[in-house]
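Everything on this sheet refers to the single structure shown next.
The values are calculated or read from the model by the stated rules, or taken from the named source; none is laboratory data. Here the structure is a predicted model, which means the values were calculated and not measured. Because the Cβ atoms are built from the backbone with ideal geometry, glycine has one as well, and the counts that use them run over all protein chains shown. Side chains are part of the model used for accessible areas, which takes the heavy atoms of the whole protein and leaves out ligands, DNA and RNA. Shrake-Rupley method; radii C 1.70, N 1.55, O 1.52, S 1.80 Å.
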Amino acid sequence: MKLKERIILGASVSIVLFTLLLVIDLQMDYGFSGHHLARSYGKGKVGGDGGRVSAYSGFRKMFLQRSSGNGSDETATMHPHAPLIQEALGGEHPRIPPGPGLPDSLKHGSDPATNEPHDYFKDVQLSLRVLQRDKQRKTSVNKVIVKPYEDGNSFRSENPTIADLMDVDPSANASNLELFQLRISQHELYPPGDVLVNKVMEDMVKLPILHVEQKEGGTQLKLIIVYPNGIMALMKPMRFPREQETLPNHFYFSDYERHNAEIAAFHLDRLLGFRRAMPVVGRILNVTTEIYNVAIGDILRTFFVSPANNICFHGRCSYYCDTGHAICGSPDKLEGSMAAYLPSSDLADRRIWRHPWRRSYHKRKKAQWETQDDYCTLIKEVPPYDEGRRLLDLIDMCIYDFLMGNMDRHHYETFRIFGNETFPLHLDQGRGFGKAFHDEISILAPLLQCCLIRQTTLNTLLKYHNGNKKLSQAMRETMFSDPINPVLWEPHLTALDRRVKIILEGVRQCLSRAEESDELFLGELA
């Protein structure tokens, strides 16, 4: 080849390679692109119609239009449809400063969104009565609220345990954790009022620690705690005070993990009646005697004494594992959350599922569900979401995550031994309870796009909204005995009550949409 031809060929190859690298940069989201998503769910184009407003953003627009100006703080990352919302409001919507203290509207117990009298959601309660009364006749309510005997969870003929299916008995000196693990059943981790839950938590607080090592993988530091008799727990150490919120410029995937969020998430899961989160409890440790002296592995090389004479360590991980983000005692006392270990894979292997409403995990790209308002129709055609309980379980999970403000739900796990008709585990809630004054409506996308909710879940939300004991009060009481109480900063508890109302507003909108759809259909028939 002539020199000129070689130069032209080389330039062409360079242009192609540069274009390929640019496309990869735009598509990659930590290993999954939108095209991967489209292939995995079989249908639909990535991104949908960019001009259409998805269900969750439409709800947010509607909800903010009724605000009188004391709405939740919006200092987090801008919502994808924020310009539409601001235009509807006649400009930028008002914000509550993150403050050290509570907004006045919250201090006086009034509705933080409207300052109006309490809304009992009588229309939603009427829908529940219609559902009960007209058991044979199908109404628009049936499209939204799923009865207990149809939801795949509340009423079941069988509920075998791991011990039943594996045909194993507890060992002679079985620990409380082993007994707990063997009694995990197809539909829940533990039955209501199970005394073993408190015994497992007590063991994690009082038993001596034999060994400590850093857990491999993950983005942030976690420690494996080994107690006598084979008991193990996963520890997340305290990094900063409870009132320190997520930094405005932090993405959800680079946010800190909070030890107290794991504890609060367990109690919230139990109060909501899900019972899909393993027991978690707080413990105050001595960094020297209970971590450094019994630690093994590379983590030992990361211990040091800070200029303030506090014992510190940072471990090795993807985020915040360096001297500038070290975990320090005071001077050697350290709080941490202790989460009970799940059964080993030999006893009960788990299957990992990609969450259909997973975020893009990319700094510039949105996920498919954020731009395609009929996304739920696509999901309903794909197993295991086309039948059974799984879709309703994910809607329960989005309600659970919304109450905590947890945006980091990229995958979930189930026990293989129970097949597909079993519950998703509620694991890894460390990025919850990060923003007390911001309500991230996009977390509710599964509920708002599918317009489905279990009757049992709706009854629980109405109970906490209308009853004498609000969800915030129930959380204060259940967490009172935890060794590191108070577990949550007070504004986070106040936010729970505010978010319960937002969820009920979403259900109300779904019922209204279903009724309009029925009226339109009957009108076409006429």
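Would you check if there is a residue in segment 507-523 being touching a Lys or Arg at 6+ places or on another chain (Cβ under 6 Å), of a type outside the set (Val, Ile, Thr) and modelled with pLDDT of 95 or more? If you could, list the steps in order and put the result at the bottom.
Taking segment 507-523 first, the residues touching a Lys or Arg at 6+ places or on another chain (Cβ under 6 Å) are 514.
From what is left, the residues that are of a type outside the set (Val, Ile, Thr) are 514.
Of the ones still in play, those that are also modelled with pLDDT of 95 or more are none.
Checked segment 507-523: no residue is touching a Lys or Arg at 6+ places or on another chain (Cβ under 6 Å), of a type outside the set (Val, Ile, Thr) and modelled with pLDDT of 95 or more.
List, please: which pairs have Cβ atoms under 9 Å, are six or more places apart or on different chains, and start with a residue in segment 250-265 that is in contact (Cβ under 8 Å) with a residue 60 or more places away in the chain and end with one that is part of a helix (DSSP H, G or I) and open to solvent by 20 Å² or more (accessible area, probe 1.4 Å)?
The qualifying pairs are Tyr256/His325.
Report, ordered by the first and then the second residue, all pairs with beta carbons closer than 7 Å, sequence separation of six or more or different chains, a first member in segment 461-490 that is over 14 Å from His267 (Cα atoms) and open to solvent by 10 Å² or more (accessible area, probe 1.4 Å), and a second member that is among the acidic types (Asp, Glu) and assigned to a loop (DSSP other than H, G, I, E, B).
Note: pairs meeting the criteria are Trp489/Glu243.
Each row is one residue, and each column tells you yes or no for (1) touching a helix residue (DSSP H, G or I) at 6+ places or on another chain (Cβ under 7 Å); (2) open to solvent by 20 Å² or more (accessible area, probe 1.4 Å); (3) more than 17 Å from Arg354 (Cβ to Cβ).
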site: Asp393; (1), (2), (3): no, no, no
site: Met397; (1), (2), (3): no, no, no
site: His411; (1), (2), (3): no, yes, no
site: Gly434; (1), (2), (3): no, no, yes
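Among residues belonging to segment 272-314 that are among the basic types (Lys, Arg) and not in a loop (DSSP other than H, G, I, E, B), point out the one that is farthest from Ala261 (Cα to Cα).
Arg301
Residues to consider are Tyr375, Tyr361, Tyr341; find the one that is touching a residue at least 60 places away in the same chain (Cβ under 8 Å), within 30 Å of Tyr190 (Cα to Cα) and of a type outside the set (A, V, I, L, M, F, W, C). Let's see the steps before the verdict.
Details: Tyr375 fails: within 30 Å of Tyr190 (Cα to Cα); Tyr361 fails: within 30 Å of Tyr190 (Cα to Cα).
Of the residues listed, the single one that is touching a residue at least 60 places away in the same chain (Cβ under 8 Å), within 30 Å of Tyr190 (Cα to Cα) and of a type outside the set (A, V, I, L, M, F, W, C) is Tyr341.
Hey, can you tell me all the residues within segment 133-145 that are within 26 Å of the chain's Cα centre (by Cα) and open to solvent by 20 Å² or more (accessible area, probe 1.4 Å)?
The one that is within 26 Å of the chain's Cα centre (by Cα) and open to solvent by 20 Å² or more (accessible area, probe 1.4 Å): Lys143.
Within segment 494-507, is there a residue that is within 30 Å of Val130 (Cβ to Cβ) and open to solvent by 30 Å² or more (accessible area, probe 1.4 Å)?
At the first step, the residues of segment 494-507 found to be within 30 Å of Val130 (Cβ to Cβ) are 496-507.
Filter again for open to solvent by 30 Å² or more (accessible area, probe 1.4 Å), leaving 497.
Yes: segment 494-507 contains one or more residues that are within 30 Å of Val130 (Cβ to Cβ) and open to solvent by 30 Å² or more (accessible area, probe 1.4 Å).
For segment 384-422, give me the residue count where each residue is touching a Ser or Thr at 6+ places or on another chain (Cβ under 7 Å) and of a type in the set (S, T, N, Q).
Counting residues in segment 384-422 that are touching a Ser or Thr at 6+ places or on another chain (Cβ under 7 Å) and of a type in the set (S, T, N, Q) gives 2.
Just to be sure, is Asp346 surrounded by fewer than 19 Cβ atoms within 10 Å (Cβ to Cβ) and more than 28 Å from Phe433 (Cβ to Cβ)?
yes
Report, ordered by the first and then the second residue, all pairs with beta carbons closer than 9 Å, sequence separation of six or more or different chains, a first member in segment 234-248 that is over 13 Å from Glu490 (Cα atoms) and open to solvent by less than 30 Å² (accessible area, probe 1.4 Å), and a second member that is outside any loop (DSSP other than H, G, I, E, B) and among the charged types (D, E, K, R).
Here the result reads Met235/Arg283; Lys236/Glu262; Pro237/Glu335, each pair linking segment 234-248 to a residue that is outside any loop (DSSP other than H, G, I, E, B) and among the charged types (D, E, K, R).
Report yes if some residue within segment 370-387 is within 28 Å of Phe433 (Cβ to Cβ) and at pLDDT below 95; otherwise report no.
yes
How many of the residues making up segment 164-181 are free of Cβ contacts under 8 Å to residues at least 60 places away in the same chain and part of a loop (DSSP other than H, G, I, E, B)?
8
Can you find a residue in segment 258-271 that is charged (D, E, K, R), within 24 Å of Glu202 (Cα to Cα) and open to solvent by 40 Å² or more (accessible area, probe 1.4 Å)?
The answer is yes, given that some residue of segment 258-271 is charged (D, E, K, R), within 24 Å of Glu202 (Cα to Cα) and open to solvent by 40 Å² or more (accessible area, probe 1.4 Å).
So Glu202 fits all but one of (1) charged (D, E, K, R); (2) over 23 Å from the mean Cα position of the chain (by Cα); (3) within 22 Å of His411 (Cβ to Cβ); what number is the exception?
Of (1) charged (D, E, K, R); (2) over 23 Å from the mean Cα position of the chain (by Cα); (3) within 22 Å of His411 (Cβ to Cβ), only one is false for Glu202: (3).
Which of the residues belonging to segment 223-233 are free of Cβ contacts under 8 Å to residues at least 60 places away in the same chain and either touching a strand residue (DSSP E or B) at 6+ places or on another chain (Cβ under 8 Å) or closer than 14 Å to Ile291 by Cα (or both)?
Correct list: Ile224, Val226, Tyr227.
Have a look at Ser185, Ser110, Ser171, Ser175 and point out the one that is surrounded by fewer than 17 Cβ atoms within 10 Å (Cβ to Cβ) and either at pLDDT 95 or above or closer than 23 Å to Ser344 by Cβ (or both).
Ser171
Counting just the residues of segment 206-233 that are of a type in the set (A, V, I, L, M) and open to solvent by 40 Å² or more (accessible area, probe 1.4 Å), which one comes out nearest to Gly405 (Cα to Cα)? Give the steps one after another, and end with the answer.
First pass over segment 206-233, keeping only residues of a type in the set (A, V, I, L, M): 207, 209-210, 212, 221, 223-226, 231-233.
Filter once more, keeping what is open to solvent by 40 Å² or more (accessible area, probe 1.4 Å): 207, 210, 232.
On the way: Leu207: 33, Leu210: 35, Met232: 28 Å.
Among residues in segment 206-233 that are of a type in the set (A, V, I, L, M) and open to solvent by 40 Å² or more (accessible area, probe 1.4 Å), the one nearest to Gly405 (Cα to Cα) is Met232.
How many residues does segment 274-309 hold that are crowded, with 18+ Cβ neighbours inside 10 Å and out of contact with any His (no Cβ under 6 Å at 6 or more places or on another chain)?
14
Just checking, which of Arg351, Arg364, Arg358, Arg431 is in contact with a His (Cβ under 7 Å, 6 or more places away or on another chain) and among the basic types (Lys, Arg)?
Arg358
Being of a type in the set (Lys, Arg), modelled with pLDDT under 95, open to solvent by 10 Å² or more (accessible area, probe 1.4 Å) and under 30 Å from Leu493 (Cβ atoms) is the requirement here; does Arg364 meet it?
no
Go through (1) surrounded by fewer than 18 Cβ atoms within 10 Å (Cβ to Cβ); (2) under 24 Å from Leu392 (Cβ atoms); (3) touching a helix residue (DSSP H, G or I) at 6+ places or on another chain (Cβ under 9 Å) for His426 and report which single condition fails.
All conditions are met except number (1).
State which residue is nearest to Asp408 (Cα to Cα) when the search covers only segment 210-254 and only residues that are among the small types (Gly, Ala, Ser) and outside any loop (DSSP other than H, G, I, E, B).
Ser254
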